[in-house]
Amino acid sequence: FLIQDVTRAAAAANPDVFFIGVDQGWAEPLPNLVGIVFREDQAGFLAGVMAALVTESGKIGGVYGEEIPPVVKFRNGFEQGAKYINPEIEIFGVYVGSFIDQPAGRETAENMIGEGVDVIFGAGGPTGSAAIQAAAEQGLKVIGVDQDEYFTTFGSGETPGAENIITSAVKRVDQGVYDMLASVSAGTVEWPATSLYLMEAAIAGVGFAPANDADVPAEVTAQVQQTLDMLASGELQTGVDPVTGALLD
């Protein structure tokens, strides 16, 4: 997102080269440029549903990096999902202001733990990952982001606290890139006319990771899956603007 203007400038200067920008979008399309964007609000909504279903204290938290649209969508989606399950749930949320400030991420998580939070969602690079790692080490249930952080942040189960990551709010970045590469390799680049490829629940563009080593009741997973199915069909809406991340009326 932070380099989308540079990506567009490079594409304009090199019309014979195809550019695929992840988490990037432009008001003026170019024929050799496509942005892949995601319904982070939907992925975050699923994480919020999971958090609300497993919390025992009734207090959940989110530690976030910079306040940019993808992260805002994660946060607001998460909070909307939790309220969908329990309108009275108490939610703590903090934008740290950096994607790479791991000490601040850990400190923020520890502060939330002091407030009685027992489930923490981290979104925003190493900052969020450090937050959930710190919380998991103390026995709290945590939720990752973007990919299945059980395999990354928690080293496929080798990192302390790996048994406490209950899911991750997943963006299918791999599938989105593969889809656009397939358009190029076919010889006829059939990219979206708007130069924007939206990965959403309806095309399995977002979802949630399995519990892996965590102890998550089957009925909880089933309810999150049901929520995903409802988002995919359009029966359920997140209440979050899919572009800006702002809450809708």
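The values are calculated or read from the model by the stated rules, or taken from the named source; none is laboratory data. On a predicted model such as this, the values are computed, not experimentally measured, just so you know. Cβ atoms come from the backbone with ideal geometry, glycine included; neighbour counts cover every protein chain shown. These area figures cover heavy atoms from the full protein model, side chains too; ligands, DNA and RNA do not enter into them. Shrake-Rupley method; radii C 1.70, N 1.55, O 1.52, S 1.80 Å.
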Ignoring ligands, DNA and RNA, what percent of the 1.4 Å accessible area of the stretch 120-249 is carbon and sulfur?
-> 53
Run the numbers on the stretch 69-144 and let me know its relative contact order in percent, using alpha-carbon pairs under 8 Å that are six or more apart.
-> 28
Starting with the highest mean, order 225-235, 115-125, 15-25 by the number of other Cβ atoms within 10 Å, averaged over the residues of each peptide.
-> 115-125, 15-25, 225-235
Give me the accessible area per residue for the stretch 91-249, probe 1.4 Å, as a whole number in Å².
-> 46
With point charges of +1 on the Cβ of Lys and Arg and -1 on the Cβ of Asp and Glu, referenced to the Cα centre of the chain, which listed residue (ALA52, VAL189, LEU2) lies farthest in the positive direction of the dipole?
-> VAL189
Rounded to the nearest 20 debye, dipole of the stretch 51-156 from Cβ charges on Lys, Arg, Asp, Glu = 180
For the chain, percent of DSSP beta bridges that are antiparallel (nearest 5) comes out at 15
How large is the charge dipole for the chain, taken about the Cα centre, if only the Cβ atoms of Lys, Arg (+1) and Asp, Glu (-1) carry charge, to the nearest 20 debye?
-> 320
Cα gyration tensor of the stretch 31-157, axes a ≥ b ≥ c as square roots of the eigenvalues: rounded (a/c below 1.5), prolate (a/b > b/c) or oblate?
-> oblate
